Amino acid sequence: MTKVYLKRKIAPRIANGHPWVYGNETEKIVGEVRPGDIVEVYYWDQKFAGRGYINPQSQILVRLLTRKKEEINEAFFYNRIMEAWNYRRKTGYTENCRLVFGEADLLPALVIDKFNDYFVIQTLSMGMDVWKPTIVDTLEKIFSPKGIYERNDVPVRELEGLPMQKGFLSVPFDTNILINENGLKFYVDIENGQKTGYFLDQQDNRRAIQHIVKDAEVLGAFTYTGTFEIHAAHYGAKKVTGIDISENAVAQANRNAQLNGLDSICTFEAMNAFDVLKTWGKEKRQYDVVMLDPPAFTKSRENIEKALTGYKEINLRGMKLLRSGGFLVTSSCTNLVHPGLFLETIEAAARDAGKRIRQVCFNTQSADHPIVWGLENTNYLKFLIIEVSDR
Ligand code: SAH
């Protein structure tokens with residue numbers, strides 16, 4: 001097996017559990033380097049660090065799969081996926097959940113979402129993609145699923161030298177799946193929906209709005225399939241307006257509202273939220289609750305400032321649309337904006353808007369996406385509810 005020797009200075013990070021070795025962090029490589037192969041990693045002093053897969057095309061040269069001298073084979077993947085499933089069972093995420101959350105489940109670059117009897121897979125690196133057939137077999141063994149689908153139409157695959165692709169990994173099935181969440185029904189379009197089709201990471205946070213939306217007039221921006229908005233209507237909101245820039249998302253949101261018999265309360269419109277928040281603010285429209293759940297405004301460190309400007313703008317405008325004593329429900333899903341920075345941005349927005357705010361709750365993603373301390377990309381979702389009052 002090819003051996004990769006690490007530079008002395010990166011030893012603490014790897015020893016503390018971080019699984020990534022960058023190309024410029026190796027002292028030497030002994031043996032052949034074939035993209036996707038399993039290699040052995042050693043510290044500078046010849047001590048064994050672990051086994052993982054290598055890809056010289058990627059910035060991340062090696063991702064460690066194990067710290068033991070164990071064989072990486074079918075049994076390895078079976079055990080890892082079983083461990084991931086046991087964790088979800090123990091924490092109460094069985095029907096719909098992120099079954100495998102990559103590095104946090106010691107399966108770097110692998111994402112598996114479970115929507116009742118259906119599974120959506122992403123293999124986002126060369127070394128993980130090699131094991132796709134094994135992963136599919138494992139799911140068949142453990143779950144006997146009704147269907148498995150791959151959503152590998154993700155640009156990050158190209159950095160690994162992999163094609164973007166999507167399609168069935170089982171016998172074909174109807175890719176519009178019906179799921180239950182918090183007593184509501186939602187269609188999930190796993191073929192053409194965003195990412196894997198549905199944002200499971202907000203499943204608990206959608207329940208967090210339960211009390212504040214009672215009898216309220218609610219505005220939701222960046223609504224996608226209308227999940228937060230339909231929850232608001234379900235929890236007793238008087239009137240709910242949802243905005244998304246995508247016509248397709250709006251069509252799905254309308255369909256979901258109908259499915260739950262809440263279409264007389266919820267209205268969805270395809271518009272740019274930035275324009276809406278600005279114009280409706282000028283028109284002095286007022287709401288009791290404003291909900292914002294934008295996409296990641298940045299994926300690179302260089303654009304953090306721009307992203308913060310975006311977050312500040314929408315939150316400031318959102319606050320201005322609230323009646324005094326109303327609630328702002330606001331999220332950010334990029335790990336590059338850490339929780340402290342997000343809260344500072346909200347505070348700055350409140351200051352500029354001349355509002356007094358009180359924190360109602362501050363959460364992260366649901367526990368089926370566990371956060372591993374020291375692995376900063378696992379700590380990505382910020383979900384905040386604040387009460388906003390005139391000074
Ligand atoms: N709240 C949703 C997830 C939202 S994902 C849920 O819980 O499932 C972010 C959404 O923002 C996407 O649907 C995307 O189409 C939409 N979006 C992106 N830019 C936008 C813009 N400028 N105005 C309105 N919607 C936008």
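Just one of the listed residues (Ile230, Ile243) is open to solvent by less than 10 Å² (accessible area, probe 1.4 Å), within 21 Å of His211 (Cβ to Cβ), within 14 Å of the ligand (Cβ to nearest atom) and among the aliphatic types (A, V, I, L, M), and it is Ile230.
Out of (1) within 18 Å of the chain's Cα centre (by Cα); (2) free of Cβ contacts under 8 Å to residues at least 40 places away in the same chain, what's the single condition that is false for Ser144? Status for Ser144: all satisfied but (1).
Hey, among the residues in region 246-262 that are surrounded by fewer than 17 Cβ atoms within 10 Å (Cβ to Cβ) and not polar (S, T, N, Q), which one's farthest from Asn182 (Cα to Cα)?
The initial filter retains those residues of region 246-262 that are surrounded by fewer than 17 Cβ atoms within 10 Å (Cβ to Cβ), namely 246-248, 251, 258-259, 261.
From what is left, the residues that are not polar (S, T, N, Q) are 247, 251, 259, 261.
Numbers: Glu247: 26, Ala251: 22, Leu259: 14, Gly261: 15 Å.
Checked region 246-262; the qualifying residue farthest from Asn182 (Cα to Cα) is Glu247.
Just one of the numbered conditions (1) assigned to a helix (DSSP H, G or I); (2) open to solvent by 40 Å² or more (accessible area, probe 1.4 Å); (3) without any contact (Cβ under 8 Å) to a residue 40 or more places away in the chain is not true of Thr94: (1). Exactly one residue out of Gly261, Gly226 is under 22 Å from the mean Cα position of the chain (by Cα), on the phi > 0 side of the Ramachandran plot and not aliphatic (A, V, I, L, M): that is Gly226.
Residues in region 137-168 that are assigned to a helix (DSSP H, G or I), closer than 30 Å to Asn182 by Cβ and open to solvent by 20 Å² or more (accessible area, probe 1.4 Å): Glu140, Ile142, Phe143. Somewhere in region 141-153, is a residue within 12 Å of the ligand (Cβ to nearest atom), among the polar types (S, T, N, Q) and out of contact with any Asp or Glu (no Cβ under 8 Å at 6 or more places or on another chain)? The answer is no, given that none of the residues of region 141-153 is within 12 Å of the ligand (Cβ to nearest atom), among the polar types (S, T, N, Q) and out of contact with any Asp or Glu (no Cβ under 8 Å at 6 or more places or on another chain). Among the residues of region 209-226, those identified as within 12 Å of the ligand (Cβ to nearest atom) and open to solvent by 10 Å² or more (accessible area, probe 1.4 Å) are Phe222, Tyr224.
Has region 299-308 got at least one residue that is assigned by TED's automatic domain parsing to the domain that holds Tyr224, among the acidic types (Asp, Glu) and over 19 Å from Thr227 (Cα atoms)?
Yes, region 299-308 has at least one match.
In this structure, is Gly261 of a type outside the set (A, V, I, L, M) and within 13 Å of the ligand (Cβ to nearest atom)? Answer is no for this residue. Using the structure shown, decide if Tyr187 is open to solvent by less than 40 Å² (accessible area, probe 1.4 Å) and at pLDDT 95 or above. In short, no. Selection of region 248-275 for residues being part of a helix (DSSP H, G or I), without any contact (Cβ under 8 Å) to a residue 24 or more places away in the chain and not aliphatic (A, V, I, L, M) yields Gln258, Asp275. Selection of strands (runs of 3 or more DSSP E) fully inside region 276-391 by the criterion of at least 3 residues being open to solvent by less than 20 Å² (accessible area, probe 1.4 Å) returns 287-292, 322-332, 382-390. Kindly evaluate Asn377 against the criterion of being out of contact with any Lys or Arg (no Cβ under 8 Å at 6 or more places or on another chain), farther than 19 Å from Ile212 by Cβ and free of Cβ contacts under 8 Å to residues at least 24 places away in the same chain. No; evaluated as a whole, the condition is false for this residue.
Touching an Asp or Glu at 6+ places or on another chain (Cβ under 6 Å) and aliphatic (A, V, I, L, M), is that true of Ala233? So Ala233 fails the test. For region 169-184, enumerate the residues that are open to solvent by less than 40 Å² (accessible area, probe 1.4 Å) and within 30 Å of Tyr235 (Cβ to Cβ). Listed by number, the residues that qualify are Thr175, Ile177, Ile179, Glu181, Leu184. Quick check, is Glu83 more than 30 Å from Asp204 (Cα to Cα) and open to solvent by 80 Å² or more (accessible area, probe 1.4 Å)? Criteria not met by Glu83.
The values are calculated or read from the model by the stated rules, or taken from the named source; none is laboratory data. Treat the numbers as computed from the prediction; the structure is a model and nothing was measured. Cβ: placed from backbone, ideal geometry, glycine included. Neighbour counts: every protein chain shown. With ligands, DNA and RNA removed, areas are computed over all heavy atoms of the protein, side chains included. Shrake-Rupley method; radii C 1.70, N 1.55, O 1.52, S 1.80 Å.
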